[in-house]
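The values are calculated or read from the model by the stated rules, or taken from the named source; none is laboratory data. Small disclaimer: the values here were computed from a predicted structure and weren't measured. In this analysis, Cβ positions are derived from the backbone assuming ideal geometry, glycine residues included, and neighbour counts consider all displayed protein chains.
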Amino acid sequence: MIKAIKSYDPDKPLIMKAFKEKFNATKVTSVKFNSNRNTFFATCFRGYEKLGLKEINSIQINGLQNKERKKMLLVCDKKEPTYDEAKKFIGGYIQSVPLTNGDKLLMDEEGRIKFLEPNFEAQEYWDKSYPGNKDLMVGKMILVKSNVNRGW
């Protein structure tokens with residue numbers, strides 16, 4: 001699935017910065033995310049020269065986000081979070097989704113309706129568990145490892 005990155009998306013400045021740095025571009029337009037390939041692509045320009053459609057793996061952008069943004073995925077492998085702890089971190093109604101390895105992803109039940117930002121760390125766990133499933137993981141999430149999961 002291809003999703004346009006809108007001007008109000010909080011990640012757009014970081015994504016554009018990554019394109020400008022990687023391709024020495026002065027202008028970046030039409031930024032989109034391809035969830036099938038887990039990549040961003042955009043049209044890049046250097047001055048009046050069109051560099052063309054360029055692509056960056058989302059992990060490269062995610063690395064930039066980790067330096068400049070707050071944490072999007074909390075991994076609980078020592079202690080199961082309480083409902084209140086999960087609600088405070090995630091910020092919405094909690095939905096628990098099982099992964100095929102026994103772990104659980106806790107997420108905002110209304111994340112897509114609220115147009116929350118993509119969560120690329122959680123997306124990697126989801127894609128490993130359900131290859132071919134096109135769901136996009138959004139918002140802050142908690143990964144509860146199976147060894148501490150008792151009630152989720």
- Task: Could you pull out the residue among Asn66, Asn24 that is at pLDDT below 90 and not aliphatic (A, V, I, L, M)?
- Result: Asn66
- Would you check if there is a residue in segment 82-92 being of a type in the set (D, E, K, R), in contact with a Ser or Thr (Cβ under 9 Å, 6 or more places away or on another chain) and either at pLDDT 90 or above or over 19 Å from Ser30 (Cα atoms) (or both)? no
- Residue count, segment 1-25, condition β-branched (Val, Ile, Thr) and surrounded by 13 or more Cβ atoms within 10 Å (Cβ to Cβ), comes to 2
- Of Gly111, Gly102, which residue is more than 18 Å from the chain's Cα centre (by Cα), assigned to a loop (DSSP other than H, G, I, E, B) and not acidic (Asp, Glu)? Gly102
- Failed item, numbered, when Glu80 is tested on (1) charged (D, E, K, R); (2) outside any loop (DSSP other than H, G, I, E, B); (3) touching a Lys or Arg at 6+ places or on another chain (Cβ under 8 Å): (2)
- From Leu74, Leu136, which residue is surrounded by 12 or more Cβ atoms within 10 Å (Cβ to Cβ), modelled with pLDDT of 90 or more and under 18 Å from the mean Cα position of the chain (by Cα)? Leu74
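Let's see how each residue does on (1) in contact (Cβ under 8 Å) with a residue 60 or more places away in the chain; (2) closer than 27 Å to Ile61 by Cα:
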residue	(1), (2)
Asp77	yes, yes
Tyr93	no, no
Glu109	no, yes
Asn133	no, yes
Met137	no, yes
Asn147	yes, no
- Query: Would segment 116-124 turn up any residue that is surrounded by fewer than 16 Cβ atoms within 10 Å (Cβ to Cβ) and either outside the structural domain of Thr39 (by TED's automatic domain parsing) or more than 21 Å from Thr82 (Cβ to Cβ) (or both)?
  - Reply: no
